[in-house]
Structures are given as C-alpha cells and as structure tokens.
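As structure tokens, the structure follows; a few thoughts come after it.
The values are calculated or read from the model by the stated rules, or taken from the named source; none is laboratory data. Treat the numbers as computed from the prediction; the structure is a model and nothing was measured. Glycine also receives a Cβ, built like all others from the backbone with ideal geometry; neighbour counts cover every protein chain displayed. These area figures cover heavy atoms from the full protein model, side chains too; ligands, DNA and RNA do not enter into them. Shrake-Rupley method; radii C 1.70, N 1.55, O 1.52, S 1.80 Å.
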Amino acid sequence: MLFVRHAGTPGMRAARFPANEDPDPSSLSRAPALRADRVWSAPSTAAVRTAVAMGLEPVVADVLAEADCGRWRGLAYAEVAEREPEALARWLSDPHATPHGGESLAALAARVAGWLEGTRAEPSGVVVCDVGVIRAALGHALGLPPLAAARFDLAPLSTTELTATRDGWRVAHVNRKVPS
C-alpha cells in the first residue's frame with residue numbers, strides 16, 4: 001500500500017491545525033504522475049485535488065480523513081498553545097484526550113488500523129491523505145502507540161509504503177520523495 005501525503009497547503013505552511021483547504025498551486029504543480037488500479041483519497045479538498053493532479057481517479061473514503069481537531073481546526077499551533085496551554089499539553093501527552101472537542105489520536109489510530117486490516121486481502125493501491133493517517137498506518141504496522149507514531153516527519157507529496165505479510169505489515173519506506 002503506497003501512501004502519498006497530499007500537496008502542501010497554506011495551513012501547513014502557517015503551522016495550523018488541519019482544516020479543509022485547497023492545496024498550494026505551486027505544491028500541487030509538483031505532484032508526480034502515478035498509475036494504480038486502486039486509489040483511495042481522504043475526503044479533504046487537498047487530498048482529492050492532489051490525487052487528480054497525479055492523474056489518479058480516487059475513491060473518496062471518509063475513514064481516511066485526518067483526525068477532527070474540533071474547535072482547533074484551522075488555528076495556529078502557537079495560538080492554541082497561548083490560549084489553552086493545559087489543554088494542548090493534555091492532547092500532546094494523552095492519545096485519548098479530546099480537549100478540542102474532536103477526535104482523539106487513539107480513535108484515529110483505531111479507525112486507520114481497521115481500514116488497513118480490511119485491505120489485507122488485496123493490499124495494493126495508492127492512498128492520498130494527510131500526515132495523521134500515514135502516521136496511524138505506520139503505528140499500526142510497527143505496533144507503536146499513537147504518540148510514538150506522531151514522531152514521524154512526512155513531507156508533502158512524500159510516499160510511505162507498507163507491504164502486507166502473513167504476520168502483519170512491513171514498512172518498505174517512509175517519507176520518500178516522489179520523482180516528478
């Protein structure tokens with residue numbers, strides 16, 4: 001399963017919590033052409049537009065959505081740290097915490113793990129999504145808790161590949177730049 005982080009967005013550049021926004025035209029123009037028989041996309045505008053820019057025809061899958069950040073959606077991390085330092089600290093240290101009123105990192109991890117296991121019968125394809133889903137998939141493959149999986153840095157338009165084995169998932173590569 002090849003995961004592609006969608007093209008960069010203004011919110012990513014400004015260090016904001018994820019919000020549904022268009023990708024930067026300059027980032028989107030660097031999206032490489034890919035071929036795949038099976039393609040899924042997160043429901044975000046950036047993910048769908050990235051998949052299309054890559055020449056793919058994705059099936060939009062809500063299960064591949066980034067975690068819902070509730071009232072923090074679209075806010076700068078620095079702003080949340082200033083306004084709600086205890087809440088942010090709790091979210092950063094407890095994978096079950098939802099001080100923003102959205103979805104916990106543990107819930108995201110469980111959702112992605114369930115989807116990934118559901119693809120084991122036919123584990124090939126391309127997934128275009130944001131960083132949280134890829135981190136959750138890596139965490140599932142490696143048996144990492146959500147906060148440990150959050151330590152992976154993944155650049156826009158990078159790929160991460162997981163291979164299904166009899167005993168689980170193997171990581172083929174992480175954060176590889178896709179040639180344009």
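The criterion of being touching a residue at least 24 places away in the same chain (Cβ under 8 Å) and surrounded by fewer than 20 Cβ atoms within 10 Å (Cβ to Cβ) does not hold for Gly55. The residue of the stretch 81-102 that is farthest from Pro32 (Cα to Cα), among those that are open to solvent by 40 Å² or more (accessible area, probe 1.4 Å) and assigned to a loop (DSSP other than H, G, I, E, B), is Glu84.
For every residue, the table says whether it meets (1) more than 20 Å from Ala172 (Cα to Cα); (2) modelled with pLDDT of 95 or more; (3) of a type outside the set (D, E, K, R).
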{"residue": "Leu2", "(1), (2), (3)": "no, yes, yes"}
{"residue": "His6", "(1), (2), (3)": "no, yes, yes"}
{"residue": "Ser27", "(1), (2), (3)": "yes, no, yes"}
{"residue": "Ala33", "(1), (2), (3)": "yes, no, yes"}
{"residue": "Ala36", "(1), (2), (3)": "no, no, yes"}
{"residue": "Val39", "(1), (2), (3)": "no, yes, yes"}
{"residue": "Arg49", "(1), (2), (3)": "yes, yes, no"}
{"residue": "Val52", "(1), (2), (3)": "yes, yes, yes"}
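With respect to (1) free of Cβ contacts under 8 Å to residues at least 24 places away in the same chain; (2) surrounded by fewer than 15 Cβ atoms within 10 Å (Cβ to Cβ); (3) not charged (D, E, K, R), the lone exception for Ala155 is condition (1). Across the stretch 60-80, the qualifying residues are those that are on the phi < 0 side of the Ramachandran plot and assigned to a loop (DSSP other than H, G, I, E, B), and the one among them that is most open to solvent (accessible area, probe 1.4 Å) is Arg73. Whether any residue in the stretch 110-129 is aliphatic (A, V, I, L, M), at pLDDT below 95 and open to solvent by 20 Å² or more (accessible area, probe 1.4 Å) is what I want to check. Within the stretch 110-129 (the criterion being aliphatic (A, V, I, L, M), at pLDDT below 95 and open to solvent by 20 Å² or more (accessible area, probe 1.4 Å)), the answer is yes, since at least one residue qualifies.
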